[in-house]
Structures are given as structure tokens and as C-alpha cells.
Amino acid sequence: MNNSRYYLGFNMVNGIGPARLDRLIERCGSIEAAWRAGLTDMIAAGLDAKICAALLKAQRTLDLDTELDRAERAGIQLLTRDDGGYPAALAQIPAPPPLIYVKGRLEEVDGWSVAVVGTRSPSTYGREAARRIVGDLAGAGVTVVSGLAIGIDTIAHAAALEAGGRTLAVLASGLDQVYPERNRALAEEIMARGALISEFPIGTRPIPQLFPVRNRIISGLSLGTLVVEAGAQSGALITVRYALEQGRDVFAIPGPIFSPKSMGPNQLIRDGAGLVTQAQDILEALNLSAAAIQQEVQAAFPEDPTEAALFELVSYEPQHVDELRRQSDLPITVVSSTLAMLELKGLIRQTGAMQYVRAREERVGYDVG
């Protein structure tokens with residue numbers, strides 16, 4: 001059953017975040033039952049009087065079919081945390097958004113993503129550093145994530161597109177409220193070669209309080225976050241804090257010691273962030289040097305039944321090739337060649353002599369209060 005309608009309903013009720021929604025689902029048994037919950041179940045799930053009243057009103061007044069049609073007419077895809085297409089990296093953060101709105105297309109290659117953030121008023125040095133490093137990242141097959149803001153965000157998106165790469169823009173508004181207005185044409189280009197993403201309902205205006213909230217999505221979609229230029233109180237450093245809380249790597253481009261725009265990245269480097277002077281620094285730190293090659297191989301060699309069957313046997317605990325041969329009941333030559341192909345595609349990796357594990361962690365759900 002498609003539960004998007006119920007997640008959409010909850011997303012339109014102020015005050016119900018991931019933790020409260022999880023408690024209500026646990027109480028009621030399913031997302032559909034949670035949407036139909038009565039006052040007794042709401043109170044038992046820990047919802048206060050104000051939120052209970054808002055949810056009861058939404059149950060009476062919201063036409064979920066109309067809201068779904070509204071999204072479809074706008075070309076917006078709804079992805080819930082229960083959907084297979086929900087970004088794996090985002091699913092692993094504490095309290096991932098239960099629902100995201102997507103305009104454009106998310107692809108498997110977006111698992112190789114790096115966030116790029118910084119000041120809205122970069123220096124000539126910052127602009128050139130961002131263009132060069134982001135262009136090289138995109139050229140290496142890395143998807144570039146940013147927030148569509150003026151300044152470093154805009155430069156990062158544009159540099160990725162100019163390099164023929166993919167880029168994702170996370171908005172602090174509904175996807176029908178592109179902000180800033182001057183980046184509307186850029187947003188159209190991003191949708192053609194990536195996607196616009198938001199956790200906020202259609203029609204949500206870009207008010208100041210929402211920008212720090214969306215920053216956790218920027219870092220959450222990414223394996224690491226790169227800071228180009230940022231003052232000591234820059235909003236870009238909020239993204240860094242989220243990245244650290246999410247267990248993601250942080251990188252910074254050093255700048256002149258006399259420039260206020262370099263205070264943020266220089267401080268981050270002093271505190272242990274990865275110093276970046278070229279894209280290769282990030283590619284090596286995140287083991288992304290072969291990203292483009294892996295993407296080409298994945299496109300050229302679609303998964304066949306033998307690959308699928310053997311991949312299912314590979315777990316997150318090391319297994320010897322002989323054990324995999326025994327479980328699969330395939331000839332050792334077939335097992336060896338298939339494992340080599342899965343490794344080339346980046347789906348598995350060796351941890352020792354003929355020992356294999358899956359290359360990526362499973363999605364993990366967090367219960368954050």
C-alpha cells in the first residue's frame with residue numbers, strides 16, 4: 001500500500017516531527033491507523049493539547065487526495081522513508097524526515113555526494129577555489145549538494161552543471177516557492193540534471209527560521225561537507241554542526257589569515273577538518289576516487305540474476321569465497337568472476353584474503369526523542 005498520502009497529511013500538521021510521529025505509529029500500529037487516531041491514542045503517544053487539536057482539525061479538513069493531485073500536477077514526487085528510492089545517506093541520520101518532496105530525479109549515483117557550502121558574498125579567491133574544486137568533483141562522478149543560495153551555493157551548482165555532473169539543491173521552502181527568485185533559471189537546470197529537494201509542504205514560504213532546519217538535509221544527503229568561505233557566525237557552520245552530529249566528514253578550503261571570510265574554514269581546519277587544496281583531497285578521504293568508473297560499470301553491466309543471487313548472500317560480516325560458493329551452489333569460477341564484477345560496481349569490497357562484505361551500510365532508523 002502506498003502510504004504517501006498519510007505521510008503527506010502529517011507533514012502538513014505543525015508540531016509533528018519524526019519522533020512524535022514514530023510514537024504515534026508505535027501506539028496505533030501503522031501510519032494509516034496513526035492518521036485516523038483518536039484523542040485517546042494521541043494523548044497516550046505524548047502529543048500535547050495544541051498538537052492534538054491541530055491533528056484533529058487536519059483529519060477533518062484535509063483532503064489527502066486533493067493534496068496528492070496538487071503535488072502530481074506540479075511535477076513533484078513524494079518519497080517517504082518507507083520507499084526504496086529514499087536516499088540511503090539521509091535515512092541514516094538521526095530523525096530523518098519522514099517525507100521529502102522531489103522535483104527532478106534522484107539516482108543511485110547520488111550516493112556519491114558531497115555538500116558544498118559557504119558565504120553569500122565570496123571573494124574572488126573563494127569563487128575560483130569553489131569553481132575549480134567543485135568542477136573537478138563533479139567531473140569525477142560526485143554529485144554536488146547545496147542550498148541554491150546566492151554566493152558559494154550558486155557557484156557550486158553552476159560549476160557542477162558546467163562540468164557535466166549532477167547536483168541537488170535543498171530548499172528552505174516548498175518546491176513551488178523557489179528562492180531566491182534570481183536563481184529560478186538555475187533551478188530549472190538543476191531539475192534537468194539532478195533534483196530540487198525539500199521537506200516542507202507545497203506553498204511553504206522561505207522564512208528565516210527554515211534555513212537552519214534545511215541545512216541538516218544538505219549534510220544528511222552527503223558523505224562529507226566542504227566549506228569554502230564562511231565568517232565566524234556564518235550559517236554554513238550550522239551545516240557543519242549537523243554533519244558532525246551525523247558522523248559525516250567535514251572539509252575546508254584554507255584562506256588568507258587577514259580575511260574575515262576565512263575565519264570559519266581556518267578554524268575548522270585547526271579543529272581537525274580535512275584541509276582541501278584540490279578535489280583529490282576529498283576523493284581520497286571519502287574513497288570516491290573510483291566513483292566515475294564505478295558508475296560507468298554499473299551502467300554498462302546491469303545486474304543479472306547470478307549477480308543478484310550472490311549479492312543477497314554477501315552480508316556485512318566478512319565471508320570467505322568458499323562459504324559463498326557453498327551457499328550459492330555455483331562453480332567456484334562463476335562465484336569468483338561474479339564477485340569481481342560486484343566489487344568493480346562498488347557493491348561489495350574485500351576485507352582480507354578472499355573475504356567479502358557489502359560496501360554500504362544498511363539503512364538505519366533512529367528513535368530520537
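The values are calculated or read from the model by the stated rules, or taken from the named source; none is laboratory data. Everything numeric in this text was worked out from a predicted model, so none of it was measured. We place every Cβ from the backbone using ideal geometry, glycine too, and count neighbours over all the protein chains shown. The protein model used for the area step is the full one, side chains on, heavy atoms only, and it has no ligands, DNA or RNA in it. Shrake-Rupley method; radii C 1.70, N 1.55, O 1.52, S 1.80 Å.
Principal axis extents of the Cα atoms in segment 44-179, from largest to smallest and rounded to whole angstrom, are 54, 31, 31. Computed from backbone phi with θ = phi - 60° and the Karplus coefficients 6.51, -1.76 and 1.60, the 3J(HN,Hα) list for segment 277-289 is 10, 7, 4, 4, 4, 6, 4, 6, 5, 9, 6, 10, 4 Hz; x is used for glycine and proline. Taking θ as phi - 60° and the Karplus parameters 6.51, -1.76 and 1.60, the scalar couplings of segment 114-127 work out to 10, 7, 10, 9, x, 5, 7, 10, x, 7, 4, 4, x, 4 Hz in sequence order, x denoting glycine and proline.
T204: net charge of surrounding residues, Cβ under 15 Å, Lys/Arg +1, Asp/Glu -1, itself excluded?
Working: positive: R70, K103, R205, R214; negative: E67, D176, E199.
Residues near T204 contribute +1 overall.
Note on M354 and A49: their simple-model spin labels are 7.1 nm apart, each label 7 Å out from Cα toward Cβ. Among the listed values [x] 35, 22, 18; [y] 34, 31, 19; [z] 32, 23, 21, the one computed from these coordinates for semi-axes √(5λ) of the Cα gyration tensor in Å is [y].
Put C28, C52 in order of accessible area, highest first, and with a 1.4 Å probe you get C28, C52. Working note: Karplus 6.51/-1.76/1.60 with θ = phi - 60° gives segment 90-100 the couplings 5, 5, 8, 7, x, 6, x, x, x, 9, 10 Hz, where Gly and Pro are set to x. Computed extension gain for E32 through L313, at 0.36 nm per residue and net of the alpha carbon distance, reaches 97.8 nm. 222 nm [θ] for the chain, helices only, -39500 (n - 2.57) per DSSP H run of 4+, per residue, to 500? Result for the chain: -13000 deg cm²/dmol, rounded to the nearest 500.
Based on DSSP, what percent of beta bridges with both residues in the chain are antiparallel, to the nearest 5?
Values: 14 of 34 bridges.
Antiparallel: roughly 40 percent of the beta bridges in the chain.
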